[in-house]
């Protein structure tokens, strides 16, 4: 367990006044926390997660997870619910939901899933927790001590990823008066998330049989090695009642064969290529291809190209990519690797040409947008980078990667005020309010920028200082 997750608990507390005079739970789960309060709580936890080395800031994987999440939530009973999925580099089989629509997915879970429907089944279950506001409903049962409960649940959520025993200890320590009631309520939550998740999975045209088969496979695995239960089963208690309920739901459904998306296959191969040493990864994919031990040949060539690139062998990686293109469908992931190969060969102009051509086919694929902006900067074309970034910020105004790239572009142009203003927006979106304020203060003293730019900085600084003061009041 990485203790950095437990450092900033004061950020997670809400005013005790919220606990006064709360109505009974009834049908509404939002009597304890408003949607805004749930989001702020989630963002507080995300500050700690993003600061941890295991947080995997990998644009292609993040893009895939969020596209998968959007497909699922669009087919749920709450299609307008905001989601933000992210990856954790951890071999433990786990996924977890946070308040405010944040869902974390361990790389171990992605690699364990035998097909895309299995991965989607776990995410659909987690989306069920989100859409039913289960954490808010837990707090409603603890209205006499909401601040303490909130801190305890935050500890429990964060600790659960790699130390479920510590998670349970946190719950017992902060809610000792009603532990048994809490555990019973958790079982209700799991059944409800199963029901919601199953319907969502089916509506999204995934194979609904993946849900009981995946959970049953994990359940069987723990019979052979004592104490080997994956984190997911320890934090999401799996009873025979739940498995039987899932099996009953699929019993009368017609058989549905669902092919995996190419992105799913490629990203699993990419994770495997990045997980081991470059040498071991190359051996794994070479052996797989030689012995034809694979379910998808194209993904093995893709993984081998990524592993060869990691091993600083771009020439051989390029040959592997050419083989891949003959047997696969077109993909922005292939174009990304092709551009990375050209950069590794020292040919940034060819990398730029690949990115620009790919953006015409995949104009909204953000990993390509980031790559293209970086190549512009490498080629000493900051104005072109700024134009691309500014255009994309109209579509993605909450994308901190774009603001970081914008700050780099302004730095190359020696526009200090605009550089620090963009850096401030990136910090703000990352949840670093103090850092954002400091960047705006530096921008004020930069000595460049016109009257309108300085006025914009001052107005934004005033706004963030007000937010900072509100945050201090809540501690």
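So here's what we get for this one:
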read-out	value
Cα-projected label distance for residue 188 with residue 441, points at 7 Å along beta-carbon direction, nm	4.8
Segment residue 327-residue 111, extension gain: residue separation times 0.36 nm, minus the distance between their alpha carbons	75.5 nm
Efficiency of FRET from Cβ geometry, residue 468 and residue 205, R₀ 51 Å, rounded to 0.05	0.65
Over segment 360-455: Kirkwood hydrodynamic radius from C-alpha pairwise inverse distances, Å	13.6
Estimated inter-spin distance, residue 316 and residue 91, nm [label 7 Å along Cα→Cβ]	2.4
FRET efficiency estimate (nearest 0.05) - Cβ-Cβ, residue 52 to residue 279, R0 22 angstrom	0.20
Förster-model FRET efficiency, 25 Å R0, residue 434 and residue 80, C-beta, rounded to 0.05	0.20
Distance in nm between pseudo-label sites at residue 394 and residue 256 (7 Å out along the Cβ direction from Cα)	3.8
Cα centroid separation - segment 283-297 against segment 382-425, whole Å	42
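Here, each number is a calculation from the coordinates, and none is a lab measurement. Keep in mind the model is a prediction, meaning the values are calculated, not measured. In this analysis, Cβ positions are derived from the backbone assuming ideal geometry, glycine residues included, and neighbour counts consider all displayed protein chains.
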